[in-house]
Amino acid sequence: MASVELNNIRKAYGTLDVIHDLSLAIEDREFVALVGPSGCGKSTLLRMIAGLEEITGGDVLIDGKTVNSLTPRARNIAMVFQSYALYPHMTVAQNIGFNLKMSGEPAATIDKRVAEAARMLDLTSLLDRKPSQLSGGQRQRVAMGRAVVRNPAVFLFDEPLSNLDAKLRVQMRAEIKSLHQKVQTTSIYVTHDQIEAMTLADKIVVLNHGRIEQQGAPIELYRNPANLFVAGFIGSPS
Ligand code: ADP
Ligand code: MG
């Protein structure tokens, strides 16, 4: 578990400024939803926090320490994407344990942690199946299991449910909420689904053209949007 701090983060792709001097403080255990239109820089921001994208300026701090020069692995951050990218030839158990195996953990430790993660995500009866024998929701739970099993300091979610149908999205939303209540891992969750943001997050951050328009508790933004842009996004009746 850890706090995350962004201090004057900037990102430019060549001459294209994507993130402008952005600062944000996220508390330990907090669940933050990051919302904003397509192309506003949400994925770029997550990738900079994860260490998958070089930062043009500013600092990323995890638990008060600058991590700018640390590799993704050393940052102890797990990322969940919308495409779950499971290994088709491996069982659910092998998929969940794969990262631990790569880190050289002993088999007994891997078995124990895979079993724990499976219990948490209701996957215990599916551990011997292959991904092709799973539903979309079950695959997404395996992808989350792969993240949980590493016991990361921070979870980053990049629109993890956007490939699922509406009914399944509602169900998975509840799964994610319950998972966060169990593990309490600091989470940053990118979504363009305002209901998802309202129901999951302690805090919503509204991003537009690489700048924060407003941040606050869901109800605060809903009741007192700072401007029309936020109102449009959070869907307060006007
Ligand atoms: P979002 O996730 O909010 O949809 P992104 O972070 O993916 O937005 O993209 C933000 C902006 O940066 C977009 O204008 C996108 O075209 C641009 N961009 C993203 N990745 C690259 C890249 N590797 N090279 C150049 N431009 C990029
Ligand atoms: Mg994106």
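What follows is calculated from the coordinates using simple rules that are stated; it is not laboratory data. Since the model is a prediction, treat every value here as computed from it, not as a measurement. Cβ coordinates were reconstructed from backbone atoms using ideal geometry, including for glycine residues, and neighbour counts include every protein chain displayed.
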Once every DSSP H run of n ≥ 4 in the chain is given -39500 (n - 2.57) and the sum is divided by its residues, what mean residue ellipticity at 222 nm do you get, rounded to the nearest 500 deg cm²/dmol?
-> -11000 deg cm²/dmol
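Take every DSSP beta bridge with both residues inside the chain and express the antiparallel ones as a percent of the total, to the nearest 5. If you can, show how the numbers build up before the last one.
On the way: 19 of 36 bridges.
Counting only bridges with both partners in the chain, antiparallel ones make up about 55 percent.
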Sites D17 and L52, calculated FRET efficiency, Cβ-Cβ separation with R0 25 Å, nearest 0.05 = 0.85
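At a 10 angstrom cut-off on C-beta neighbours, averaged per residue, how do the peptides 11-20, 32-41 rank from highest to lowest?
Working: 11-20: 13.9, 32-41: 20.1.
Most protected by this proxy first, the peptides run 32-41, 11-20.
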Give me the distance in nm between label points sitting 7 Å out from Cα along the Cα-to-Cβ direction at K167 and K112, one decimal.
-> 4.1 nm
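Using DSSP, restrict attention to beta bridges with both residues in the stretch 141-238 and report what percent are antiparallel, rounded to the nearest 5. Write down the numbers at each step before the final one.
Working: 5 of 10 bridges.
DSSP beta bridges in the stretch 141-238 are roughly 50 percent antiparallel.
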Specify the inter-centroid distance of the stretch 1-50 and the stretch 87-114, based on alpha-carbon positions, in whole Å.
-> 31 Å
Alpha carbons only, please: Rg and Dmax for the stretch 1-122, in angstrom.
-> 17.0, 51
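Can you pull the Kirkwood radius for the chain, inverse mean 1/r over Cα pairs, to one decimal in Å?
Numbers: mean 1/r = 0.0542 Å⁻¹.
Its Kirkwood hydrodynamic radius stands at 18.4 Å.
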Please report, in Å, the Rg and the Dmax of the stretch 74-148, where both are computed over Cα atoms only.
-> 11.5, 34
Can you tell me the Rg and Dmax of the stretch 160-238, counting just the alpha carbons, in angstroms?
-> 13.1, 38
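With contacts defined as alpha carbon pairs under 8 Å and 6 or more residues apart, what's the relative contact order of the chain in percent? Kindly include the intermediate steps, with their values, before the conclusion.
On the way: 437 pairs, mean separation 65.3, N = 238.
27 percent.
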With everything on Cα atoms, drop me the angle between helix 92-102 and the longest principal axis of the chain, reported from 0 to 90° to the nearest 10.
-> 80 degrees
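Could you order the peptides 168-177, 72-81, 141-150 from most to least packed, using the average number of other C-beta atoms within 10 Å per residue? Intermediate values should be presented prior to the final figure.
Working: 168-177: 16.3, 72-81: 17.9, 141-150: 24.0.
The peptides rank, most packed first, as 141-150, 72-81, 168-177.
Among the GluC sites (Glu not before Pro) within the stretch 32-134, which fall in a DSSP loop and have no more than 12 other Cβ atoms within 10 Å of their own Cβ?
Working: sites: E53, E54, E116; in loops: E53, E54.
When the GluC sites (Glu not before Pro) of the stretch 32-134 are filtered for loop state and at most 12 Cβ neighbours within 10 Å, E54 remain.
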Please list the non-local residues whose amide H lies under 5 Å from the amide H of F31, H modeled 1.01 Å from N, same-chain partners needing a gap of 5 or more.
-> S187, D202, K203
Could you work out how far helix 166-183 tilts from the main Cα principal axis of the chain, as a 0 to 90 degree angle to the nearest 10?
-> 80 degrees
Kindly express, to the nearest 10 degrees and within the range 0 to 90, the angle between helix 107-120's C-alpha long axis and the longest C-alpha principal axis of the chain.
-> 60 degrees
